[in-house]
Structures are given as C-alpha cells and as structure tokens.
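Notes to accompany the following structure.
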Amino acid sequence: MHARFYHPAEIAIGQIIELSAENKHHAARVLRLRNGDAITLFNGEGGEFSAHITHISKSNTTVLIDAYQAIECESPLQIELAQAICVNEKMDWIIQKAVELGVTRIQPITTDRSIVHLSDDRASKRQQHWQKIIVSACEQCGRNVLPQIYPLVSLTEWLSEKKTTQSPNNLYLMLSTTAQQSLKDLPKPAANAHWSLVVGPEGGFTQVEEAAMLHSHFIPLRLGKRILRTESAALATIAGLQALWGDF
C-alpha cells in the first residue's frame, strides 16, 4: 500500500498540491520518499486519490493528483464510543485503536470517579491532540472517512443529549461488573442500527451513574468473568460487536 496522507481540503484530478509541513517532514524524513514515488491522498469525505511526488525538498513537497478511487473500508456498524477520560497515554491508545476497529464517533466524558480533570482550555487542546491521533490512525489503517470526536462533556450532559435522540433502531450499551448479560445474549440488531457504547473509568461507574444509564434505557453488559481495564474493555467490546454483526 502506498504512503497515505490526509489533506483537509478539496482535491481534484490534475491538481498540484503542496503537502503540509507535517506531511512534508513525514514524507521526506521518515518515509524517505523521492521524486516520482506514488502516494495516496484523502480528505476525509470519502474515497481517495492516487498521486505522485513532483518535487521534494527541505522547504516544500508537491504532488500531482492522478486519479480518484471510490474506495471505502468503513464498517457496516455505526458505533459511538463514549469513553471516560483517563491518563494521556491510555486515552490516546483507546482513540487510536477504536478508529482502527471502525468506530464512527468518539465522545470523551467525565464521570464521578474520573481521575483526570481538564479545564476548558486544556480540554480544547486535548481534543485537538485527539483529532491528530484520529487522522494518523486513518492514514495507517486505510479509512477515508474521519470519525468525529466531540468536546468533553459530563456523563450527565451526554445522557441528556441521548434522551432527545433516542430511536427504536439505536442500541445503548454500558459496561458493568455486576451485569448478567454478555454480548452473545443481545438480539440481532436491525441493519441500520446505531450503537452507543459507554465505558467508565478505572474505578467504574457509581451506583447513581449506573441507575441513570438504566433509566436512559442502556443495557448493562459484562465481558466474561474477568475485570478488564478501561483501555481493554472498550476495545474488546468494539471487536466483539464487529465479530458478531460487523465486518470481522
């Protein structure tokens, strides 16, 4: 597979595009690409463009767009991950791997037992950082549509939003160590179902939080007899959904 680069702007066949500073550095210094080398560009709106390098140097790198391919590798499942924020490295890992596993949107949330607390300014900077991780993951895994990541909100705020958007085709899942059901106990979803999966912090949800989610029609699930860390629980659940009803 050719090197892939995200270009957040309109792309057209025959167009000459100058790569961003970050992409230029990656192409020249990391991948050691040369004039004439083939690459792939995508802008996150679907499909991808084959191109080749026409000039590469320390100051700038330009490419010529050769053709468009309507290639997609999106999962048939529409999965939203609402993840309680955790320490930087773990949260970065969850977001990167969730994108690789096919989620369509990511909602960072705060809970009563969250150990990470961000001011508005720090939360905004973290969202920009997470957006870069999403782009990098799409470049690596071949996705041409960027999953959305939303501003940090509290679990309470997120549940309030869910109450106004609920639909019979939506399935709401919460992970709980006290739950009796597992993924294999769920009924087969409708073809156009949208999944919302909420995963708590290392200390889990409080009883009050679990009660609020049950009141919002969330189905409690348990992943086997073992207690998984938050970064394992989210990814294991998404992989299970893809294996049962997705494209695994």
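Would you mind telling me the antiparallel percentage of the DSSP bridges in segment 109-230, rounded to 5? Antiparallel: roughly 0 percent of the beta bridges in segment 109-230. Can you classify segment 78-245 as rounded, prolate or oblate using the Cα gyration tensor, where a ≥ b ≥ c are the square roots of its eigenvalues, rounded means a/c under 1.5, and otherwise it's prolate if a/b beats b/c and oblate if not? Verdict is rounded for segment 78-245. In the chain, the DSSP beta bridges split such that about 35 percent are antiparallel, to the nearest 5. Taking the C-alpha atoms only, the angle from helix 230-245 to the longest principal axis of the chain is near 80 degrees.
In the chain, the longest principal axis of the Cα atoms and the axis of helix 88-101 are about 80 degrees apart. Considering only DSSP beta bridges whose two residues both sit in segment 3-69, what percent are antiparallel, to the nearest 5? If we restrict to bridges inside segment 3-69, about 80 percent are antiparallel. Does segment 146-248 classify as rounded, prolate or oblate by the C-alpha gyration tensor (a ≥ b ≥ c root eigenvalues; a/c under 1.5 gives rounded; else a/b over b/c gives prolate, otherwise oblate)? The shape class here is rounded. When peptides 64-74, 20-30 are sorted by average Cβ neighbour count within 10 Å, with the highest value leading, the order is 20-30, 64-74.
Oblate is the label for segment 139-186, because a/c, from the alpha-carbon gyration tensor with a ≥ b ≥ c as root eigenvalues, is 1.5 or above and a/b does not exceed b/c. The alpha carbons of segment 3-69 give a radius of gyration and a Dmax of 10.7, 30 Å, in that order. Counting every other Cβ atom within 10 Å of each residue's Cβ, S196, S216, S119 order from fewest to most as S119, S216, S196. When each of the peptides 182-193, 152-163, 199-210 is scored by how many other beta carbons lie within 10 Å of its residues on average, the order from highest to lowest is 199-210, 152-163, 182-193.
For D121, D112, the sequence from fewest to most other C-beta atoms within 10 Å is D121, D112.
Each reported figure results from applying straightforward, stated rules to the coordinates on display, with no laboratory input. Just so we're clear, the structure is a prediction, and the values are computed from it rather than from any experiment. Don't worry about glycine lacking a Cβ; one is built from the backbone with ideal geometry, like all the others, and counts go over all protein chains shown.
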